[in-house]
Amino acid sequence: MTSLMKKLMLATAVVATPMMIATTASAEGEKYILVSHAPDSDSWWNTVKNGLALAGEQMNVEVEYRNPPTGDLADMARIIEQAAASQPNGIITTLSDFDVLSGPIQAAVDSGVDVIIMNSGTPEQTRQVGALMYVGQPEYDAGLAAGLRAKGDGVGSFLCVNHYISSPSSTERCQGFADGLGVDLANQMIDSGQDPSEIKNKVMAYLSANPETDAILTLGPTSADPTLLALDENGLAGDIYFGTFDLGEEIVKGIKAGVINWGIDQQPFLQAYLPVVVMTNYHRYGVLPGNNINSGPGFVTADGLEKVEMFAGEYR
């Protein structure tokens, strides 16, 4: 067993308070700041925080997690500017809206701060802002793969429950799914908001008004969990095709119960963990992978739940 594997098995996951997590700074003083677009209410990002914290511990560097508490992207742009002004060794950031965030990211690069794009954005956008590389799941491609899978299962119409419609990458998931099915997205996507009660009510209202809907696509636990409650209440649980992006405790239960057909795992742990490892080795030894790293998509079904159940919400 390698030393790295021993550390991974022995490490304790750390779930941070909103805005920042920090580990002990190294003797060399390396510091890396991860900036995400996620609001404080989105628990899916706890896995990202855990990956960041573990990488900081194992590489012996200081790490911080910062985010806009409400998910406001203009606020996120200011956080990137503030992070760059502190002159860390590197910034790891999502690129959920190119128009809003590309300027601050490019300015950080121009100031001499190395940047890796993670989670949202594309390899092409990563190149345009001058970042070192992209680590994540191309969202349109993931949606397309999901749509093709659903089409093969006989799906012809769907509801996309978009809980973060201000983020273009969320819409790319829905659009990719529609293109995979070979149908127009049109009114098959709803702006559900992030309040669980509102999401549940909007899903029930849509399905009542559109009883011919073949499938539901949710974009993560924020929308999946209330949708599960909606299907329990209207009696469609297990009878309507249900796919979701990302994993979480309730999603795993839904897959196990046969209510959710599959979940798309983009491995968020790796999206935070790998950039810290990559940049630390780059700054110490001058080595850098020759290409971007796709952490997803991978489809999780009832047949492959053992490890997912064991580490759901922690490392998965």
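The values are calculated or read from the model by the stated rules, or taken from the named source; none is laboratory data. Keep in mind that what you see is a predicted model, and the values were worked out from it rather than measured. Cβ atoms come from the backbone with ideal geometry, glycine included; neighbour counts cover every protein chain shown. Just the protein is used for accessible areas: all its heavy atoms, side chains included, with ligands, DNA and RNA removed. Shrake-Rupley method; radii C 1.70, N 1.55, O 1.52, S 1.80 Å.
Tabulated values for the structure
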read-out: Dipole of the chain [Lys/Arg +1, Asp/Glu -1 at C-beta], most positive-end residue of N234, V35, V115; value: V115
read-out: Nearest 10 degrees, 0 to 90: helix 168-181 Cα axis against the chain principal axis; value: 40
read-out: Radius ratio Rg over Rh of region 164-316, counting only Cα atoms, Kirkwood formula for Rh; value: 1.04
read-out: Selected from L52, L95, L144 as most flexible by GNM, with the chain as the system and alpha-carbon contacts under 10 Å; value: L144
read-out: Choice from S169, S96, S43 with maximal GNM fluctuation in the chain (Cα, 10 Å cutoff); value: S43
read-out: Helix 98-110 axis, angle to the chain major axis (alpha carbon atoms, nearest 10°); value: 10
read-out: Separation in nanometres of the label points that stand 7 Å from Cα toward Cβ, at S197 and S111; value: 4.2
read-out: Centroid-to-centroid separation of region 222-266 and region 268-289 [C-alpha atoms, Å]; value: 34
read-out: Reachable aspartates and glutamates from K31, criterion Cα separation under 15 angstrom, eight or more residues apart if same chain; value: E57, E62, E64, D114
read-out: Cut-off under 5 Å, modelled amide H: who pairs with S157 long-range; value: D214, A215
read-out: GNM top mover of R284, R127, R78 - the chain, alpha-carbon springs below 10 Å; value: R284
read-out: Accessible carbon and sulfur surface of region 224-298 relative to its total accessible area, %, 1.4 Å; value: 48
read-out: Label point distance in nm, S166-E212, each placed 7 Å from Cα along Cα→Cβ; value: 3.6
read-out: Solvent exposure, largest accessible area first (probe 1.4 Å, DNA, RNA and ligands not counted), of V155, V183; value: V183, V155
read-out: Percent of Cα-Cα distances greater than 24 Å, calculated over region 79-236; value: 43
read-out: Length-normalised contact order for the chain - Cα pairs under 8 Å, 6+ apart - percent; value: 17
read-out: Principal-axis tilt of helix 268-285 within the chain, Cα atoms, nearest 10 degrees; value: 20
read-out: Dipole moment magnitude, nearest 20 debye, the chain about Cα centre, only Lys, Arg, Asp, Glu C-beta charged; value: 820
read-out: Ratio of the Cα radius of gyration of region 175-219 to 2.2 N^0.38 Å, where N counts its residues; value: 1.20
read-out: Estimated FRET transfer efficiency when R0 is 22 angstrom, pair Q128-T301 (beta carbons, to 0.05); value: 0.05
read-out: For Y241, residues with placed amide H under 5 Å, excluding near neighbours; value: I216
read-out: Spherically averaged projected area of the chain from its Cα convex hull (nm²); value: 15.9
read-out: Alpha-carbon centroid distance for the pair region 89-160 / region 51-68, whole angstrom; value: 21
